[in-house]
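Report on one structure; see the data block that follows.
The values are calculated or read from the model by the stated rules, or taken from the named source; none is laboratory data. Everything numeric here is computed off the predicted structure, so don't read it as measured data. FYI the Cβ positions are ideal-geometry reconstructions off the backbone, even for glycines, and counts take in every protein chain you see. When the accessible area is computed, the model is the full protein with side chains, heavy atoms only, and any ligands, DNA or RNA have been set aside. Shrake-Rupley method; radii C 1.70, N 1.55, O 1.52, S 1.80 Å.
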Amino acid sequence: MSITIPIRNDLGASPSRRLVPAGATLTSLPPLSVYVHVPWCVRKCPYCDFNSHAAPGEIPERAYLDALRSDLEQALPSIWGRQVVSIFIGGGTPSLLSSAGLDELLAMLRACLNVWPDAEITMEANPGTAEASRFRDYAASGVTRFSLGIQSFDDAQLKKLGRIHDAEQARAAIGMAQQAVSRVNLDMMFALPGQTLVACVADLREAISFGTEHLSLYHLTMEPNTVFAKFPPDELPDDDTSAAMQDAVEAELAAAGLARYEVSAYARPGARCRHNVNYWEFGDYLGIGPGAHGKLSFHDRIVREARLRSPDSWMQAAMARDGSHLAESRQVGADELPFEFMLNALRLKDGVPSTAFNERTGLSLAAIAHQLEAATKRGLLDGDPTRLRATPLGWRFLNDLQEMFLS
């Protein structure tokens, strides 16, 4: 069994606007996070469907930071006065930014936004030696949490996955990250080509051995428009083996004190990723940078945004300051809100309070009463009227449960 629901979806670059009545009024606005996209990598991984691009030598850092400031300043009227509870710098490989570049980026965000003093500031980083040497500088600039793309400690698997680091570099990077900040996440993958259950557990146990407080575990999937989709690797584990791996992952991590709180995330008490939890609780987030997505609430509407995907096109359009850097800006209709809310909220193992549906969508819970009753009768949704939460069966068939709220 595996569940794969991407955080970021691919969008075309053609502008589109579809304004439909929201159908309700929000009495309060949800927490606001900021996502910053750094689109370059040293090399594109064959399984990756994110908006990432192999860097042609040195990344155009100066042009990127100038365009980022322009993008941010154009967004300010939409979020003016709101507090920012978390910042996530993702990619791509954000650790390709120089120490000075990252320092300028965070100074820019603090100057333009009302960032909470204790805001969680996460930076995705590559375990390569060159990037890891900057971790202390990044932390000194304000990064409080690193998310390291380890994927595996097996050199043969890393080679199959197209990673540019080896296991020894991964181990060294973890040590440097833990010396720089107190909060470190390790991204790991399972159901890898030719991987056995024993090898999967061994990989996981090594990750646990570093004592990190948060792990993200992803089932390798053949995403559309990737190299692996066109040329699938040999000897992928079958469904039964993959399901056994998922069960072993959860059992091993639970025994180590890391509870599964979201589809792909495990954490020690108090160590959940606040930024991602805000996504799942249908909070707001401003996305800036090429291909970045955003969701912003107003008292009379909820708006989805997406920036142009091409780094060059986005930089040029952002500097024009005429709104042409937006690939999409549309109001979410009342008919879409139930599915959008449940698509996110049901990813959380504990779900959300029932009152959150009205607070975050402006709609009455009566709008989905029929679906709630049907899902409860099928044993997919918990019968507790105070929470919207999947049962163990509902979590096993999460896609089916979420799709019940499309109608």
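Within segment 192-199, does at least one residue satisfy the condition of being on the phi < 0 side of the Ramachandran plot and touching a Phe, Trp or Tyr at 6+ places or on another chain (Cβ under 6 Å)?
Within segment 192-199, none of the residues are on the phi < 0 side of the Ramachandran plot and touching a Phe, Trp or Tyr at 6+ places or on another chain (Cβ under 6 Å).
Report, by residue number, each residue of segment 122-169 that is acidic (D, E) and either modelled with pLDDT under 95 or out of contact with any Ser or Thr (no Cβ under 9 Å at 6 or more places or on another chain) (or both).
Scanning segment 122-169 gives E131, D154, D155, D166, E168.
Evaluate the following for C48: is it open to solvent by less than 20 Å² (accessible area, probe 1.4 Å) and modelled with pLDDT under 95?
no
For segment 344-364, what are the residues that are open to solvent by 20 Å² or more (accessible area, probe 1.4 Å) and either closer than 26 Å to A75 by Cα or in contact with a Ser or Thr (Cβ under 7 Å, 6 or more places away or on another chain) (or both)?
N344, P353, N358, E359, R360
Return the only residue of A318, A334, A271, A327 being part of a strand (DSSP E or B) and either over 23 Å from Y218 (Cβ atoms) or in contact (Cβ under 8 Å) with a residue 60 or more places away in the chain (or both).
Result: A327 is the single residue among A318, A334, A271, A327 that is part of a strand (DSSP E or B) and either over 23 Å from Y218 (Cβ atoms) or in contact (Cβ under 8 Å) with a residue 60 or more places away in the chain (or both).
For segment 53-82, which residues satisfy the criterion of being assigned to a loop (DSSP other than H, G, I, E, B) and within 25 Å of G283 (Cβ to Cβ)?
W80, G81, R82, listed by residue number.
Listed residues M176, M123; which is within 30 Å of R69 (Cβ to Cβ) and within 20 Å of the chain's Cα centre (by Cα)?
Within the list M176, M123, the selection yields M123.
Go through segment 30-48 and report how many residues are among the aromatic types (F, W, Y) and farther than 22 Å from E61 by Cα.
1
Got a sec? Which of S209, S141, S152 is more than 26 Å from G101 (Cβ to Cβ), open to solvent by less than 60 Å² (accessible area, probe 1.4 Å) and not basic (K, R)?
S152
Within segment 365-383, restricting attention to residues that are at pLDDT 95 or above and not in a helix (DSSP H, G or I), which residue is most open to solvent (accessible area, probe 1.4 Å)?
Here the residue is R378.
Among the residues of segment 279-303, count how many are closer than 14 Å to Y35 by Cβ, open to solvent by less than 10 Å² (accessible area, probe 1.4 Å) and outside any strand (DSSP E or B).
4
Report whether or not A132 is open to solvent by less than 10 Å² (accessible area, probe 1.4 Å) and among the small types (G, A, S).
Answer is yes for this residue.
Looking at T221, is it assigned to a loop (DSSP other than H, G, I, E, B), surrounded by 21 or more Cβ atoms within 10 Å (Cβ to Cβ), modelled with pLDDT under 95 and not aliphatic (A, V, I, L, M)?
no
Could you identify the single residue in H165, H219 that is without any contact (Cβ under 8 Å) to a residue 40 or more places away in the chain and not hydroxyl-bearing (S, T, Y)?
H165 is the lone residue from the list that is without any contact (Cβ under 8 Å) to a residue 40 or more places away in the chain and not hydroxyl-bearing (S, T, Y).
Somewhere in segment 315-322, is a residue in contact with a strand residue (DSSP E or B) (Cβ under 9 Å, 6 or more places away or on another chain) and buried (at least 23 other Cβ atoms within 10 Å of the Cβ)?
Yes, some residue in segment 315-322 is in contact with a strand residue (DSSP E or B) (Cβ under 9 Å, 6 or more places away or on another chain) and buried (at least 23 other Cβ atoms within 10 Å of the Cβ).
Which members of segment 384-398 meet the condition of being open to solvent by less than 60 Å² (accessible area, probe 1.4 Å), within 24 Å of S264 (Cβ to Cβ) and of a type outside the set (S, T, Y)?
L388, R389, A390, G394, W395, L398
Looking at segment 83-108 only, could you name the residues that are among the hydroxyl-bearing types (S, T, Y) and outside any helix (DSSP H, G or I)?
S86, T93, S98
Has segment 259-268 got any residue that is part of a helix (DSSP H, G or I) and either open to solvent by 40 Å² or more (accessible area, probe 1.4 Å) or of a type in the set (A, V, I, L, M, F, W, C) (or both)?
no
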